[in-house]
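One structure is given here, and the rest of the page talks about it.
Just so it is clear, none of the values below were taken in a lab; they were calculated from the coordinates. The model shown is predicted, which means the values in this text are computed figures rather than measured ones. All Cβ positions, even for glycine, are placed from backbone atoms using ideal geometry, and neighbour counts span all protein chains on display.
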Amino acid sequence: MSPITRLAATATALCGALLLTAACADGKDAPEPPGTSAPSERASIFDKGVNIAVKFDQPGFNYKDNRTQKYAGFENDLANFLDGQLDFPDMSPNDEPSWRREEVLVKDTAQLVIATYSITEERERKIDFAGPYFETRQGLLVQADDTSITSRESTAGKLVCTVRGSVSAPDSSTSDTGDQLAELLPEARINDTRSNYSECVDLLRKGDIDAVWTDQIVLHGFAERHDDVRVVEGLEIGSPQLYGIGIRDGREEDCERIAEALREFLASSDWRDSFESHFPRLAEEDEQFEQHYKPDPSLVDDYSCSDD
């Protein structure tokens, strides 16, 4: 074989081995092997079916009727509003406990979390948020005829129940204020944390515990459903909790689209209509419920789609 023939053969072999886009022997572009093309725009979560992590056991926000198999609540309305704005190809709600909310986003088994999900710095280190769409302080739920708890001090010795994975949990890693129980209810006794608030409320109604501790609006949802429990009036605990929609980190474009839809939700009458529909008693008792529970739409700019 002549030197020229060997050189041509070597060039042809090199071109075939590397499959580069540069022109080879015939001057045509060689095909690119899988995985070597330039990075393309990341596919949107809205291009396929959207799994949404929710809670089926929170009256007022999302509650599944086992007889009809239908869902109802403020967050169910919000999910449907987002669907109307963003046109999800398919939307599937999945029941997840509080402690799994970050996990399902990180593992991408859910694309969104709409489940009374408080925005905290600790959570934002793992996932992203769009919001807030709701704000509330924390409080206590007691039996309707119990007048012994009126203040933080009167919780001394009382047995209190909350949920694992919530910011109310005494060992919560999602709280920015550390041990909530020690700081806010220093003399109360914490019951074993439960997987959902329905379990806590069942214990309260049976008289096995003295109070349920979490966000006031969550407690009002149970008080709307059960006449034998009530939220302690005038008792607000801790800093305001801001509910956001959880989304997997690194999805900035999708996050911005959700945030824009939330601005529309807050600016329209849909927010008020949904609140009055699912918290009718509270809406009647509190004429300023929008001032107390509805965030200003400008807060969406402050809390959504962090660059951290």
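Percent antiparallel among DSSP beta bridges with both residues in segment 45-303, to the nearest 5?
Details: 23 of 35 bridges.
Of all bridge pairs located within segment 45-303, approximately 65 percent are antiparallel.
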Per-residue HN-Hα couplings for segment 47-56, Karplus 6.51 cos²θ - 1.76 cosθ + 1.60 at θ = phi - 60°, whole Hz, x for Gly and Pro?
-> 7, 9, x, 9, 8, 10, 7, 9, 10, 8
Two decimals is fine: what is log10 I(q)/I(0) at q = 0.08, 0.12, 0.17 Å⁻¹ for segment 45-303, from a Debye sum with one equal scatterer on every Cα and no solvent?
-> -0.29, -0.68, -1.39
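Taking 0.36 nm per residue of separation and subtracting the Cα-Cα distance, what length does fully extending ARG152 through THR109 add? If you can, show how the numbers build up before the last one.
Values: separation 43, 0.36 × 43 = 15.48 nm, distance 3.96 nm.
Full extension from ARG152 to THR109 adds 11.5 nm.
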Within a Cβ distance under 12 Å of LEU235, other residues only, what is the Lys/Arg minus Asp/Glu net charge?
-> 0
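Using the 10 angstrom Cβ neighbour count as an exposure proxy, how do LEU242, LEU204 rank, fewest first? All intermediate terms of the calculation are to be shown ahead of the outcome.
Numbers: LEU242 20, LEU204 25.
Exposure proxy ranking, most exposed first: LEU242, LEU204.
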May I ask which of LYS55/LYS294; LYS126/LYS294; LYS55/LYS126; LYS55/LYS107 have a Cα-Cα span longer than 23 Å here?
-> LYS126/LYS294
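DSSP loop GluC sites (Glu not before Pro) in segment 36-135 with at most 15 other Cβ atoms within 10 Å of their Cβ, which ones? Can you show the working numbers first?
Working: sites: GLU41, GLU75, GLU102, GLU103, GLU121, GLU122, GLU124, GLU135; in loops: GLU41.
For GluC sites (Glu not before Pro) across segment 36-135 that sit outside H, G, I, E and B with at most 15 neighbouring Cβ atoms in 10 Å, the list reads GLU41.
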